[in-house]
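The values are calculated or read from the model by the stated rules, or taken from the named source; none is laboratory data. Source: prediction; values computed, not measured. A quick note on method: Cβ atoms are made from the backbone with ideal geometry, for glycine too, and the neighbour counts reach across all protein chains shown.
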Amino acid sequence: MKYLIFSDAHLDRKEFEFIVDKYKDDTDVVARFYNGDSQFEARDPIFEGLTTVVGNMDFDQPFNIENVYHSNQDDITFYQTHGHLYRADYNLDTLWEQANKFNAEIVLFGHTHEVVSEIYKGKLFINPGSISNPRGPQAFLGGTYVVLNVTNEAFEVDYFGRAGEKISSISKIFERKNTL
(Lines give C-alpha, C1' and ligand atoms only; values in the text may rest on other atoms or scores of the structure.)
Protein backbone atom coordinates (compact mmCIF):
# COMPACT_ATOMS: atom_id res chain seq x y z
CA MET A 1 0.00 0.00 0.00
CA LYS A 2 1.04 3.60 -0.58
CA TYR A 3 0.72 6.70 1.58
CA LEU A 4 1.05 10.31 0.40
CA ILE A 5 2.84 12.62 2.85
CA PHE A 6 3.42 16.35 2.38
CA SER A 7 3.82 19.46 4.49
CA ASP A 8 4.54 23.16 4.84
CA ALA A 9 2.84 24.68 1.79
CA HIS A 10 2.71 28.17 3.35
CA LEU A 11 -0.04 29.51 1.05
CA ASP A 12 1.33 27.80 -2.08
CA ARG A 13 -2.12 26.70 -3.23
CA LYS A 14 -0.99 25.82 -6.74
CA GLU A 15 1.55 23.23 -5.56
CA PHE A 16 -0.81 21.93 -2.87
CA GLU A 17 -3.53 21.36 -5.49
CA PHE A 18 -1.02 19.80 -7.91
CA ILE A 19 -0.07 17.15 -5.34
CA VAL A 20 -3.67 16.47 -4.26
CA ASP A 21 -4.84 16.19 -7.88
CA LYS A 22 -1.92 13.97 -8.89
CA TYR A 23 -2.85 11.31 -6.32
CA LYS A 24 -6.61 11.73 -5.86
CA ASP A 25 -7.52 8.90 -8.25
CA ASP A 26 -4.56 6.65 -7.42
CA THR A 27 -6.24 3.61 -5.87
CA ASP A 28 -2.91 2.34 -4.51
CA VAL A 29 -2.74 5.37 -2.19
CA VAL A 30 -4.79 4.37 0.85
CA ALA A 31 -4.17 7.48 2.99
CA ARG A 32 -3.05 11.06 2.39
CA PHE A 33 -1.33 13.00 5.17
CA TYR A 34 -0.74 16.75 5.34
CA ASN A 35 1.59 17.71 8.20
CA GLY A 36 0.57 21.34 8.72
CA ASP A 37 1.46 24.93 7.91
CA SER A 38 -0.76 25.46 4.91
CA GLN A 39 -2.09 28.74 6.29
CA PHE A 40 -5.46 27.89 4.68
CA GLU A 41 -8.66 27.77 6.71
CA ALA A 42 -9.36 24.35 8.22
CA ARG A 43 -12.73 24.18 6.44
CA ASP A 44 -11.12 24.78 3.03
CA PRO A 45 -12.31 22.07 0.60
CA ILE A 46 -8.68 21.54 -0.40
CA PHE A 47 -8.32 19.31 2.69
CA GLU A 48 -11.03 16.86 1.60
CA GLY A 49 -9.68 13.33 1.85
CA LEU A 50 -6.55 14.41 3.77
CA THR A 51 -5.56 13.64 7.34
CA THR A 52 -4.29 16.99 8.60
CA VAL A 53 -2.70 18.57 11.65
CA VAL A 54 -2.16 22.15 12.76
CA GLY A 55 1.16 23.86 12.16
CA ASN A 56 2.63 26.80 14.01
CA MET A 57 1.47 29.09 11.16
CA ASP A 58 -2.10 27.67 11.03
CA PHE A 59 -4.36 29.85 13.12
CA ASP A 60 -7.71 28.21 12.40
CA GLN A 61 -8.70 26.18 15.49
CA PRO A 62 -10.42 23.10 14.00
CA PHE A 63 -7.12 21.44 13.00
CA ASN A 64 -5.94 18.60 15.26
CA ILE A 65 -2.61 18.85 17.09
CA GLU A 66 -1.96 15.17 16.38
CA ASN A 67 -3.52 12.18 14.69
CA VAL A 68 -3.11 8.47 15.16
CA TYR A 69 -3.96 6.47 12.06
CA HIS A 70 -4.03 2.68 11.92
CA SER A 71 -3.90 1.01 8.53
CA ASN A 72 -5.61 -2.36 8.63
CA GLN A 73 -4.25 -3.14 5.16
CA ASP A 74 -0.64 -3.00 6.41
CA ASP A 75 -1.30 -3.52 10.14
CA ILE A 76 0.68 -0.41 10.90
CA THR A 77 0.10 2.63 13.08
CA PHE A 78 1.10 6.16 12.10
CA TYR A 79 1.58 9.05 14.48
CA GLN A 80 1.21 12.47 12.81
CA THR A 81 1.93 15.95 14.15
CA HIS A 82 3.51 19.13 12.81
CA GLY A 83 6.42 18.91 15.23
CA HIS A 84 6.65 22.42 16.67
CA LEU A 85 5.09 21.37 19.99
CA TYR A 86 7.50 18.44 20.32
CA ARG A 87 10.78 20.24 19.60
CA ALA A 88 11.31 18.53 16.24
CA ASP A 89 13.82 21.19 15.26
CA TYR A 90 16.16 20.10 18.08
CA ASN A 91 15.91 16.30 18.24
CA LEU A 92 13.49 13.42 17.78
CA ASP A 93 13.26 12.30 21.43
CA THR A 94 10.08 14.14 22.40
CA LEU A 95 8.35 13.09 19.17
CA TRP A 96 9.44 9.52 19.80
CA GLU A 97 8.02 9.60 23.34
CA GLN A 98 4.68 10.92 22.10
CA ALA A 99 4.45 8.39 19.24
CA ASN A 100 5.42 5.58 21.59
CA LYS A 101 2.33 6.28 23.72
CA PHE A 102 0.28 5.06 20.74
CA ASN A 103 2.63 2.22 19.74
CA ALA A 104 3.13 3.95 16.41
CA GLU A 105 5.58 2.37 14.00
CA ILE A 106 5.79 5.42 11.71
CA VAL A 107 6.12 9.05 12.84
CA LEU A 108 5.11 11.81 10.40
CA PHE A 109 6.04 15.43 11.00
CA GLY A 110 6.96 18.70 9.29
CA HIS A 111 7.92 22.10 10.69
CA THR A 112 11.66 22.04 9.98
CA HIS A 113 11.21 22.15 6.17
CA GLU A 114 14.06 19.63 6.00
CA VAL A 115 13.93 16.13 4.57
CA VAL A 116 14.15 13.35 7.18
CA SER A 117 13.73 9.62 6.68
CA GLU A 118 15.42 7.51 9.30
CA ILE A 119 14.87 4.74 11.80
CA TYR A 120 15.17 6.23 15.28
CA LYS A 121 14.79 4.00 18.32
CA GLY A 122 12.84 1.45 16.28
CA LYS A 123 10.42 3.87 14.59
CA LEU A 124 10.47 5.21 11.05
CA PHE A 125 10.51 9.02 11.13
CA ILE A 126 9.47 10.87 7.97
CA ASN A 127 9.55 14.58 7.32
CA PRO A 128 8.69 15.17 3.65
CA GLY A 129 10.35 18.59 3.72
CA SER A 130 8.42 21.61 2.50
CA ILE A 131 6.64 21.78 -0.85
CA SER A 132 7.15 25.55 -1.01
CA ASN A 133 10.07 26.67 1.16
CA PRO A 134 12.64 23.89 1.62
CA ARG A 135 15.60 24.26 3.96
CA GLY A 136 18.76 22.34 4.66
CA PRO A 137 20.92 20.31 2.29
CA GLN A 138 18.02 19.55 -0.08
CA ALA A 139 16.78 23.16 -0.36
CA PHE A 140 18.19 23.37 -3.88
CA LEU A 141 15.52 20.85 -4.98
CA GLY A 142 12.85 23.56 -4.66
CA GLY A 143 10.34 21.54 -2.64
CA THR A 144 9.66 17.88 -1.81
CA TYR A 145 6.96 15.44 -0.75
CA VAL A 146 6.88 11.70 -0.05
CA VAL A 147 5.06 8.63 -1.27
CA LEU A 148 5.62 5.82 1.22
CA ASN A 149 5.21 2.30 -0.14
CA VAL A 150 4.71 -0.33 2.56
CA THR A 151 5.28 -4.01 1.90
CA ASN A 152 5.58 -6.92 4.33
CA GLU A 153 9.36 -6.65 4.03
CA ALA A 154 10.11 -2.95 3.65
CA PHE A 155 9.25 0.72 3.87
CA GLU A 156 10.12 2.50 0.63
CA VAL A 157 10.33 6.26 1.23
CA ASP A 158 10.22 7.89 -2.20
CA TYR A 159 10.80 11.65 -2.38
CA PHE A 160 9.36 13.67 -5.24
CA GLY A 161 9.98 17.21 -6.44
CA ARG A 162 7.49 19.94 -7.27
CA ALA A 163 7.00 18.69 -10.82
CA GLY A 164 6.20 15.18 -9.58
CA GLU A 165 9.59 13.69 -10.51
CA LYS A 166 11.08 11.02 -8.24
CA ILE A 167 14.30 12.10 -6.50
CA SER A 168 16.24 8.85 -6.23
CA SER A 169 19.23 10.44 -4.49
CA ILE A 170 17.26 11.03 -1.27
CA SER A 171 14.74 8.18 -1.48
CA LYS A 172 15.43 5.29 0.91
CA ILE A 173 14.36 1.73 1.66
CA PHE A 174 14.20 0.41 5.23
CA GLU A 175 13.66 -3.18 6.25
CA ARG A 176 10.37 -3.44 8.06
CA LYS A 177 11.69 -5.90 10.64
CA ASN A 178 13.98 -3.18 12.04
CA THR A 179 11.06 -1.21 13.41
CA LEU A 180 8.83 -1.68 16.44
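What number goes with the only condition from (1) under 19 Å from residue 53 (Cα atoms); (2) touching a residue at least 24 places away in the same chain (Cβ under 8 Å); (3) of a type outside the set (S, T, N, Q); (4) surrounded by 23 or more Cβ atoms within 10 Å (Cβ to Cβ) that residue 157 does not pass? Every listed condition holds for residue 157 apart from (1). Just to be sure, is residue 75 charged (D, E, K, R), modelled with pLDDT under 95, loosely packed, with under 15 Cβ neighbours inside 10 Å and more than 16 Å from residue 35 (Cβ to Cβ)? Yes, satisfied.
Results for (1) free of Cβ contacts under 8 Å to residues at least 60 places away in the same chain; (2) touching a strand residue (DSSP E or B) at 6+ places or on another chain (Cβ under 9 Å), shown as yes or no for each residue.
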residue: 85; (1), (2): yes, yes
residue: 90; (1), (2): yes, no
residue: 95; (1), (2): yes, yes
residue: 103; (1), (2): no, yes
residue: 112; (1), (2): yes, yes
residue: 116; (1), (2): yes, yes
residue: 119; (1), (2): no, yes
residue: 122; (1), (2): yes, no
residue: 127; (1), (2): no, yes
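Restricting the stretch 131-154 to residues that are hydrophobic (A, V, I, L, M, F, W, C) and touching a residue at least 60 places away in the same chain (Cβ under 8 Å) leaves a set whose member that is farthest from residue 110 (Cα to Cα) is 150. Checking 92, 148, 141 one by one, the residue that is touching a Pro at 6+ places or on another chain (Cβ under 9 Å) and not hydroxyl-bearing (Ser, Thr, Tyr) is 141 and no other. Inspect the stretch 74-84 for any residue being farther than 17 Å from residue 96 by Cβ, hydroxyl-bearing (Ser, Thr, Tyr) and in a strand (DSSP E or B) and give the result as yes or no. Checked against the condition, which is being farther than 17 Å from residue 96 by Cβ, hydroxyl-bearing (Ser, Thr, Tyr) and in a strand (DSSP E or B), the stretch 74-84 yields no hits at all. The set of residues in the stretch 1-53 that are assigned to a loop (DSSP other than H, G, I, E, B), within 13 Å of the chain's Cα centre (by Cα) and not small (Gly, Ala, Ser) comprises 8, 35, 37, 50, 53.
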